[in-house]
1. Specify the residue that is farthest from A:Glu4 (Cα to Cα); the eligible residues are those in region A:205-236 that are surrounded by fewer than 16 Cβ atoms within 10 Å (Cβ to Cβ) and at the interface with chain B (Cβ under 9 Å from one of its Cβ atoms).
2. Among the numbered criteria (1) away from chain B (no Cβ under 14 Å); (2) within 18 Å of A:Glu197 (Cβ to Cβ); (3) in a strand (DSSP E or B), which one does A:Val62 miss?
3. State whether one or more residues within region A:194-204 are free of Cβ contacts under 8 Å to residues at least 60 places away in the same chain and surrounded by fewer than 17 Cβ atoms within 10 Å (Cβ to Cβ).
4. Could you give every pair whose Cβ atoms fall below 8 Å, whose first residue belongs to region B:32-61 and is closer than 23 Å to B:Asp78 by Cβ, and whose second residue is among the β-branched types (Val, Ile, Thr) and surrounded by fewer than 20 Cβ atoms within 10 Å (Cβ to Cβ), counting only separations of at least 6 or pairs across chains?
5. What do you reckon, is A:Ala117 within 14 Å of another protein chain (Cβ to nearest Cβ) and farther than 19 Å from A:Lys74 by Cβ?
6. For a quick check of your reading of the model, give me the residue pairs whose first member lies in region B:78-97 and is touching a residue at least 12 places away in the same chain (Cβ under 8 Å), whose second is surrounded by 11 or more Cβ atoms within 10 Å (Cβ to Cβ) and part of a helix (DSSP H, G or I), with beta-carbon atoms closer than 6 Å and at least 6 apart or on different chains.
7. Given A:Leu48, A:Leu5, A:Leu37, A:Leu54, which one is of a type in the set (A, V, I, L, M, F, W, C) and touching a His at 6+ places or on another chain (Cβ under 9 Å)?
8. Across region B:18-38, what is the total count of residues that are more than 14 Å from chain A (Cβ to nearest Cβ) and either touching a helix residue (DSSP H, G or I) at 6+ places or on another chain (Cβ under 9 Å) or not small (Gly, Ala, Ser) (or both)?
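Here, each number is a calculation from the coordinates, and none is a lab measurement. Computed from a prediction, not measured in an experiment: that's the story for all the values here. Using ideal geometry, Cβ is built from the backbone for each residue, glycine included, and neighbour counts are taken over all protein chains shown.
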Amino acid sequence: MTTELVKCTALTRDFGPVKALQGVDLTLEPGKIVGLLGPNGSGKTTLLKILNGLLQPTSGQVLICGKTPGTESKSLISYLPDRGYFPDWMRVGDMVELFADFYADFDRVKAAEMCRALGLEDDLGIKTLSKGTREKMQLMLVMSRKARLYLLDEPIAGVDPAAREFIMQTILTNYNEEGTVLISTHLLSDIEQVLDEAVFLQQGKIVLHESVDSIRERTGESVDALFREMFRFQAF
Amino acid sequence: MKFELLGSRPIWQQLSEQLRQRIVTGVYPAGSHFPTVRELAAEAGVNPNTMQRAMAQLEADGLVNTNRTSGRTVTEDDEVLRSMRRTLAAERTRVYYNDMKALGFTRRETAEIARKEGEENDD
């Protein structure tokens with residue numbers, strides 16, 4: 001049994017003339033919280049979608065627990081997309097039912113606990129939820145699964161700072177020790193302290209993959225400060 | 001007392017310093033049960049792996065003992081606690097001297113100021 005949860009080798013993905021990923025090599029071990037960081041359009045969402053099997057790479061290889069993404073890997077991966085996909089007419093309780101029905105690893109007790117903590121009532125219509133509350137519900141659903149790999153695409157972008165803290169707590173207390181969480185974001189200062197490792201993506205290439213504490217030790221600055229420095233726009 | 005984490009230094013170091021502070025000031029009394037890594041990680045809002053590393057430092061310093069069956073306890077060794085208190089006192093005094101130097105005081109003047117302040121605010 002391999003200890004590598006994720007292994008990408010020379011991964012590329014083109015969208016017509018756009019090279020979204022250009023030779024990504026990435027290995028992730030179990031039990032880590034990893035930040036996938038990069039400016040807009042650097043390939044974060046594309047990479048997550050390939051890991052998830054929603055997109056096929058143009059070339060290169062992806063292995064999840066030693067297997068190529070497919071039906072089987074979907075049972076190992078809990079994915080939070082970068083946009084909501086819930087039908088307006090459903091209620092929070094319906095979504096919980098749907099997830100519980102769909103995923104064998106869905107934990108109803110955990111879902112109920114999180115709903116209570118997040119103030120999500122079963123009979124709330126999705127139509128009536130604000131953008132931030134929808135995001136919280138989505139995260140609740142995704143974190144209620146006992147998955148091996150959680151792929152969270154911008155989980156905190158739409159929520160207020162207090163809720164962000166709560167969401168980070170939710171992620172911290174609900175991921176399981178053998179599971180790895182890969183979080184894409186550009187709101188680094190809010191999540192920096194929960195990360196084990198940071199992966200910096202720039203124009204479809206990984207430019208840095210290092211532990212957060214080692215970055216701080218080496219550079220004497222926070223990952224957020226390093227990010228701003230590396231990706232600063234030239235004034236014009 | 002809340003954990004306060006600054007940007008620029010490794011998080012595990014800041015955590016282990018603040019836990020050390022809690023131990024020598026008696027927030028976790030000698031011989032008492034020490035919270036688990038997960039509890040502390042949740043309190044500080046940090047990754048459990050990071051807290052684990054901070055904890056390893058406390059164990060290396062002899063401030064916390066790990067028992068195979070009953071979790072961790074704060075050391076009851078007075079000598080360890082006393083020597084840690086002295087180390088912390090020396091660290092802070094060095095910081096004080098450096099700050100005073102930046103303000104333009106000599107070491108002798110600094111010592112004099114400390115003595116006077118100490119006498120005036122004697123409690």
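1. Residue satisfying both the conditions and the ranking: A:Gly220.
2. (2)
3. no
4. So the pair list comes out as B:Ser32/B:Thr73; B:His33/B:Thr73; B:Phe34/B:Thr73; B:Met55/B:Val37; B:Glu59/B:Thr66; B:Asp61/B:Val80.
5. yes
6. Listed pairs, sorted by first residue: B:Met84/B:Val24; B:Arg85/B:Val24; B:Tyr97/B:Thr110.
7. A:Leu37
8. Adding up the residues that qualify gives 14.
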